[in-house]
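Some notes on the structure that comes next.
Only the coordinates and a few stated rules stand behind these numbers; no lab work does. These numbers were taken from a predicted model, which means no experiment stands behind them. We place every Cβ from the backbone using ideal geometry, glycine too, and count neighbours over all the protein chains shown.
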Amino acid sequence: MARVKIVVDSASDLREGDGEFSILPLGVLLGEREGLDGVDISPDDIYNYYKASKKTPKTAAISPKRFSELFAKLTADGSEVLYLAISSDMSACYNNARLASNEFEGVYAYDSKLLSTGVGILAFYADELAKKGLGAQEIIKRLDEKREKLSVSLIVDTMTFLHKGGRCGSLTALIAGVLKIKPSIVMKNGKLTVGKKYIGSAERALVKYTNDVLKNAEKIDPKRVYVVHTSPKREILDEVKRRILTAIPNANVIERIAGATITSHTGKGAMAIIYCEL
């Protein structure tokens, strides 16, 4: 039997060529315009739409039909398939994939309880295990252990997108706006929670956030340290990467511009540092 094939969605912020993955794009709605993340709609489209309309985008989960079509293609040679979904608390993708998987033998949907390249790091790990000949069910057991070591946090310039997308409460958004607070957002048990709050400019907040992340530097696996962002100032990104490499000289720091799905919920100027603990 062929090795297990790994599937992710575009909210993983993986790109074609990152690995041997199949990537399904989520839908993005800009008013009456509807398209697919990374296919018809880019982050720049979102920035332009918000600037012109002051309205935030909406995202649409991958339908069971689209999952079924891909699963049928991937299992045609007898392979098992493992789909790693963005947190089920953030999207209906996981549940839709589970519905579709019922039509097939050897197809599994896994709730990563993560987002962005947190899912991506799990996908690389799953693919490594698949290449060693492990079956899908054994890979899932290993993913459960690995998932507990993933750290996904971000800092946003504005709470508007998270608030309008239903990812944070009105009071949190109001307080952050009035007091000019830049809150960090932390993934915990599949949900977004407000972490440490930073007062001051976006640039200062990003640097302080980075310093706080790096207090844990000795626990960070240097294999993949992602800096995922929605276009803050270039000099700030360079400073963030410099600080990471100073603290972890052997780190493989991967800069990644977030796709349209993640951008739809963070707006411009957000940044995440995502890694796995040793």
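On full extension of the chain, what length is gained from LYS149 through VAL39, given 0.36 nm per residue of separation minus the C-alpha to C-alpha distance?
This chain segment gains 36.4 nm when fully extended.
Taking just the alpha carbons, could you work out the radius of gyration and Dmax for the range 1-65, both in angstroms?
Radius of gyration, then largest Cα-Cα span, for the range 1-65: 14.3, 53 Å.
Want the number for ILE181 to GLU255: 0.36 nm per residue separation, take away the alpha-carbon distance, what's left?
24.1 nm
Go ahead and estimate [θ] at 222 nm for the chain from helices alone: -39,500 (n - 2.57) per DSSP H run with n ≥ 4, summed, over the residue count, rounded to 500.
Counting only the DSSP helices, I get -11500 deg cm²/dmol.
Calculate the FRET efficiency for ARG15 and LYS215 from the Cβ-Cβ distance with a Förster distance of 22 Å, rounded to the nearest 0.05.
The value I calculate is 0.10.
How much of the calculated P(r) for the range 206-278 lies past 18 Å, in percent of all Cα pairs?
35
Report the Cα centroid-to-centroid distance between the range 81-128 and the range 185-238 in angstrom, as an integer.
Taking the Cα centre of each part, the range 81-128 and the range 185-238 sit 25 Å apart.
Which entries of LYS188/LYS219; LYS65/LYS146; LYS5/LYS146 show an alpha-carbon separation above 25 angstrom in the structure shown?
Too far apart for the 25 Å limit: LYS65/LYS146.
P(r) tail for the chain, what percent of Cα pairs lie past 24 Å?
Across the chain, Cα pairs with separations above 24 Å total 49 percent.
How large is ³J(HN,Hα) for each residue in the range 214-222, as worked out from phi by the Karplus curve 6.51 cos²θ - 1.76 cosθ + 1.60 (θ = phi - 60°), to whole Hz, x for Gly and Pro?
Residue by residue, the range 214-222 yields 6, 5, 9, 3, 5, 9, 8, 5, x Hz.
Taking all pairs of distinct Cα atoms, average 1/r, flip it, and tell me the Kirkwood hydrodynamic radius of the range 28-132 in Å to one decimal place.
For the range 28-132, the Kirkwood estimate is 15.4 Å.
Can you tell me the length gained on complete extension of the stretch LYS191 to ARG142, counting 0.36 nm per residue apart and subtracting the Cα distance?
The span from LYS191 to ARG142 would gain 15.5 nm if fully extended.
With each pseudo-label sitting 7 Å past Cα toward Cβ, what's the LYS55-LYS233 distance in nm, one decimal?
3.3
Within straight cross-link reach of LYS55, meaning Cα distance under 22 Å, which lysines are found once same-chain residues fewer than 8 apart are removed?
Qualifying lysines at Cα under 22 Å: LYS164, LYS180, LYS182, LYS268.
Between the DSSP loop rule and a limit of at most 15 other Cβ atoms within 10 Å, which GluC sites (Glu not before Pro) in the range 14-60 are left?
Those satisfying the criteria are GLU16, GLU20, GLU32.
Please name which of LEU278, MET90, SER53 has its Cα lying farthest along the dipole of the chain towards the positive end, using unit charges on Cβ (Lys, Arg +1; Asp, Glu -1) and the Cα centre as origin.
Projecting each Cα onto the dipole axis, the largest value belongs to SER53.
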